[in-house]
């Protein structure tokens, strides 16, 4: 990896010249990389904390659900979990639960309490544990693998219990869900503030291939942890899966609700 030293600490560069260039540059990416020595990200291409918190309602965080929920899990030293509850209508979801688990048995309990019908969990690095988890919940749990060469809709493999998607497109989709107010959040609390900070930790950065000159965006960490951001991305991915029998199930349930008929 190439590290650049900031010219701000150089005795041979006038700080006034750097300030003037900061005010006039047409290429902020090059300025930050070459002059300041830090990675540049366009802050207009990231969520901000207050935009996320503006989606908070007066509802308390739930500890169970009678509806089929979608679950997203980011793995690591702890398991960060987001659960989305379908509220009917076009794609809209309510964030029913956000929390941290210490082992997979706690995830088992959440699947039961929230009647989870689709869970997407980070396939790496805990491959052995996540595969065992998926086997315990056949047809519900799918391991997520990002493929930078993939374009378009995520590819669900119900046989291999996995879903492949383009990382940038997946994060684009989950950011759009927040911006388009397709998600409502529980009452504002310290935990929801942490969630909002994680959601704002990812920023989109334009990168150029030094060999081909090809440019493409990718998400980078712009400060602070992003575990709930990834868990939300997985949960949103799960909630938008209408393939296989799940799509038929969701269609008839929503039609029943639209017509005011009971759904069992």
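The values are calculated or read from the model by the stated rules, or taken from the named source; none is laboratory data. This one's a predicted model, so the numbers in the text were calculated from it and none came from an experiment. Ideal geometry is used to build each Cβ from the backbone, glycine not excepted, and the neighbour counts take in all protein chains shown.
Residues to consider are 194, 178; find the one that is surrounded by 13 or more Cβ atoms within 10 Å (Cβ to Cβ), in contact with a helix residue (DSSP H, G or I) (Cβ under 8 Å, 6 or more places away or on another chain) and closer than 30 Å to residue 151 by Cβ.
Matching residue, one of 194, 178: 178.
Which one is modelled with the highest pLDDT among residues in region 209-238 that are closer than 22 Å to residue 151 by Cβ and out of contact with any helix residue (DSSP H, G or I) (no Cβ under 9 Å at 6 or more places or on another chain)?
Across region 209-238, the extreme among qualifying residues is 238.
Looking at (1) under 30 Å from residue 205 (Cβ atoms); (2) touching a strand residue (DSSP E or B) at 6+ places or on another chain (Cβ under 6 Å); (3) surrounded by 15 or more Cβ atoms within 10 Å (Cβ to Cβ), which one does residue 134 not meet, given that it meets all the others?
Tallying (1) under 30 Å from residue 205 (Cβ atoms); (2) touching a strand residue (DSSP E or B) at 6+ places or on another chain (Cβ under 6 Å); (3) surrounded by 15 or more Cβ atoms within 10 Å (Cβ to Cβ), residue 134 fails exactly one: (1).
Given the criterion out of contact with any helix residue (DSSP H, G or I) (no Cβ under 7 Å at 6 or more places or on another chain) and either modelled with pLDDT of 95 or more or under 21 Å from residue 242 (Cα atoms) (or both), identify the matching residue among 67, 118, 131.
Exactly one residue qualifies, and that residue is 67.
Given the conditions (1) over 12 Å from residue 46 (Cβ atoms); (2) in contact with a strand residue (DSSP E or B) (Cβ under 6 Å, 6 or more places away or on another chain), which single one is not true for residue 212?
For residue 212, the exception is condition (2).
Considering each of 108, 148 in turn, give the residue that is under 17 Å from residue 84 (Cα atoms) and either touching a residue at least 40 places away in the same chain (Cβ under 8 Å) or touching a helix residue (DSSP H, G or I) at 6+ places or on another chain (Cβ under 9 Å) (or both).
108
Determine whether region 99-113 contains at least one residue that is crowded, with 16+ Cβ neighbours inside 10 Å, under 16 Å from residue 199 (Cα atoms) and at pLDDT 95 or above.
yes
Could you tell me which numbered condition residue 76 fails, if it satisfies all but one of (1) touching a strand residue (DSSP E or B) at 6+ places or on another chain (Cβ under 9 Å); (2) modelled with pLDDT of 95 or more; (3) part of a loop (DSSP other than H, G, I, E, B)?
Of (1) touching a strand residue (DSSP E or B) at 6+ places or on another chain (Cβ under 9 Å); (2) modelled with pLDDT of 95 or more; (3) part of a loop (DSSP other than H, G, I, E, B), only one is false for residue 76: (2).
Give the residue, chosen from 45, 84, that is surrounded by 14 or more Cβ atoms within 10 Å (Cβ to Cβ), under 18 Å from the mean Cα position of the chain (by Cα) and modelled with pLDDT of 90 or more.
The conditions single out 84.
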